Each structure stands twice: as structure tokens, then as C-alpha cells.
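Here, each number is a calculation from the coordinates, and none is a lab measurement. Remember, it's a predicted structure, so these values are computed and weren't measured experimentally. Counting neighbours? That spans all protein chains shown, and the Cβs are built from the backbone with ideal geometry, glycine included.
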Amino acid sequence: MTAVDRFHLGLVERVTRWSALALVAACAPLLGVDPRAAAGLALGGGISLGIVLFYRTLLAKCIGGVHRRRVRMVLWAVWLLKWPALGALLYLVISRAWVPVGWMCVGVVLVPAVATAMALKAAAGGWMRPGVMGARP
């Protein structure tokens, strides 16, 4: 397996790990200042991380050769049902003003921002070297 193959295989895990770390690092100091803002940030980040983890699972099962029809059907059903469930959750959160919407949006954007930063760093050759940010030799 080449270094490029290992980079692609480990990309989702690294994005998830660094996004979770960035989310905790952002929420911790905000918790002391504004707990509702920290909750909004955590909720948005949790939604974004949850979607990434679900797609990773779905992709692994589809590409990994799950031949059992029932497993594939359950995963696709969950994929279809997550949209109305996510919409209902967002409706409740926004309509009842449980958390500040702006902070929730910042949390949702956190995972794509980390992924973009990692992609830019990789394009510059920074994560292809062994030992850098979880890259394997």
C-alpha cells in the first residue's frame, strides 16, 4: 500500500479525531463564559460529526462487501430517515430557542473547516510525511 493509499484510508478518522478535539477545545472555554453558546456549539458540532461518522459507516459497509441484503437495507433506511429526524431536531431547537442559532451554525461548520484545513495541508505536502498529525510511515 502506498503512502497516498494510507492517507486516503485514514483521512476520515483523522478528520473526525481533529474535529472532535477542535470542538472540545472551543466548547471548554466557552462553557465558563456562556453555557448556552457552548451548548449550541456542541450541538452543531455533534450533528456534523454524527453525519460524518454515519457516512463513514455506510461507506465502509457498502465498499467492504456487505452481502447481506438486510444490513444494506437498514443502512439505507437510516440514511433516508435521518433527514426528517434532523429536520425535526433543528425545528425544535430553533423554534424553542434552546441554543443560539449562530453558535449552532459555527459548530456545524467546524467539521468541514477542519477537513478543508487538512486537505489544504495535505495538498501542500504537510501530512504525507510520517509522524505528522497521525500520518503513518
Scan region 52-67 and tell me whether some residue there is more than 29 Å from A122 (Cβ to Cβ) and either under 20 Å from the mean Cα position of the chain (by Cα) or assigned to a helix (DSSP H, G or I) (or both). no
Of the listed residues (L80, L31), the one being in a helix (DSSP H, G or I) and closer than 23 Å to V12 by Cα is L80
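Results for (1) surrounded by 12 or more Cβ atoms within 10 Å (Cβ to Cβ); (2) of a type in the set (G, A, S); (3) touching a Pro at 6+ places or on another chain (Cβ under 9 Å), shown as yes or no for each residue.
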| residue | (1), (2), (3) |
| --- | --- |
| L75 | yes, no, no |
| L80 | no, no, no |
| P84 | no, no, no |
| G87 | no, yes, no |
| A97 | no, yes, no |
| V101 | yes, no, no |
| C105 | yes, no, no |
| V108 | yes, no, no |
| V114 | yes, no, no |
